[in-house]
1. Take the range 19-63 and flag every residue that is part of a loop (DSSP other than H, G, I, E, B) and touching a residue at least 12 places away in the same chain (Cβ under 8 Å).
2. Of all residues in the range 1-34, how many are surrounded by 11 or more Cβ atoms within 10 Å (Cβ to Cβ) and within 12 Å of the chain's Cα centre (by Cα)?
3. For the range 27-49, enumerate the residues that are modelled with pLDDT of 85 or more and in contact with a helix residue (DSSP H, G or I) (Cβ under 7 Å, 6 or more places away or on another chain).
């Protein structure tokens, strides 16, 4: 089997059903996926998977921007 670049595909790669030679396979840019845990209610959760571009566009919504607990929110406003 010949790769689209003109080089022969290695026999071990053909056994696994791959159609590109090793040098072409190494040149493919790999951008890993990112995921976050989403809690639907107290007991139910799911994993939301994002591409790198989607993660960068939406990461401002994923980071908390206030106090971590309701108790801290109320305790900040009490002066005494």
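The values are calculated or read from the model by the stated rules, or taken from the named source; none is laboratory data. Since the model is a prediction, treat every value here as computed from it, not as a measurement. Cβ placement follows ideal geometry from the backbone for every residue including glycine, while neighbour counts extend to all protein chains displayed.
1. Passing the criteria: 19, 20, 21, 31, 32, 33, 51.
2. 1
3. Within the range 27-49, 34, 36 meet the criteria.
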